[in-house]
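Worksheet: one structure, shown below.
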Amino acid sequence: MHQAADALQAPVVERKKRSIPTLQDIYQADVLVAGKDRYSFYKKDGTEPFFFHPNSATYRLKRILKGEADPLVVAADLKLGDSFLDCTLGLGSDAIIAASAVGEQGSVEGIEADPIIAFLTQVGLHNFPIDFPLLQEAMRRIQVIHAEAVEFLKTCEANSRDVVFLDPMFTTPIEESSNFEVLREIGVTDTVTEQWVTEALRVCRRRVVLKDHYQSPMFERFGFIQQIRPYTKVHYGVLEK
């Protein structure tokens, strides 16, 4: 728990069997609970706890192992040894798939602007217990960076990452898990800007990949070639160097 207190500059309080609403009422604050196997974050006036879980990465990797193509891997054209920079890490599902694709020879970094999400994801990626060795190995290789995406990109050298990935929070929710809904509540809502795309294009060696709602105007606005995926609301767009 002291790890969280140091990282988030928050006090440590003994629970003493008190309920979460009671603690929130007493301290007038959000509450982060250190459990046996995970941290759980309770936003004040929220209803559901937020915690790390690999989510869709689990079944996506299983599909890859069966020989199916993953849309992110295809859009990013990921190969062993590539470097991949995820500008909107969240819980890291896409970064996990990227890490599995680039292998031990490659590198995956994930930028997350919200300190709570960055902390929970960093701890979760390195400690989440799961009986799936390939997934676990991919999770452990991801480097979490707590920063604002555009500001971090400005510090990067030109042509220093093979692929830069942008996945802004959808205006229209698509995923139905309660954990994703809480992520929307506490996360930083980023809008794709010309500066963001310009910096991403400068930093990448090969391409910038945008993931967004299929009706998003961002694909056309910034020149991304939208990869049409029938029967799904999530599309990827590619902007070549």
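The values are calculated or read from the model by the stated rules, or taken from the named source; none is laboratory data. Note that the structure is predicted; figures quoted are calculated from it, not measured. Reconstructed Cβ throughout: ideal geometry from the backbone, glycine too, with neighbour counts over all protein chains shown.
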Looking at 79, 43, can you tell me which residue is at pLDDT 95 or above, basic (Lys, Arg) and within 28 Å of residue 151 (Cα to Cα)?
79
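Within the range 23-65, how many residues turn out to be outside any loop (DSSP other than H, G, I, E, B) and in contact with a helix residue (DSSP H, G or I) (Cβ under 8 Å, 6 or more places away or on another chain)?
Selection size over the range 23-65: 14.
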Subset of the range 66-103 [assigned to a loop (DSSP other than H, G, I, E, B) and touching a Gly at 6+ places or on another chain (Cβ under 9 Å)]
78, 79, 80, 81, 82, 87, 88, 89, 90, 91, 92, 103
Hey, among 105, 122, which residue is at pLDDT 95 or above and either in contact with a Ser or Thr (Cβ under 6 Å, 6 or more places away or on another chain) or over 30 Å from residue 34 (Cα atoms) (or both)?
105
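Test of understanding: among 85, 80, which residue is buried (at least 19 other Cβ atoms within 10 Å of the Cβ), over 30 Å from residue 31 (Cβ atoms) and either touching a residue at least 12 places away in the same chain (Cβ under 8 Å) or in the same structural domain as residue 194 (by TED's automatic domain parsing) (or both)? Steps first, answer last, please.
Numbers: 80 fails: buried (at least 19 other Cβ atoms within 10 Å of the Cβ).
When all the criteria are applied, what remains is 85.
Which residue out of 165, 224, 152 is in contact with a Ser or Thr (Cβ under 9 Å, 6 or more places away or on another chain) and modelled with pLDDT of 95 or more?
Just a single option satisfies the conditions, and that option is 165.
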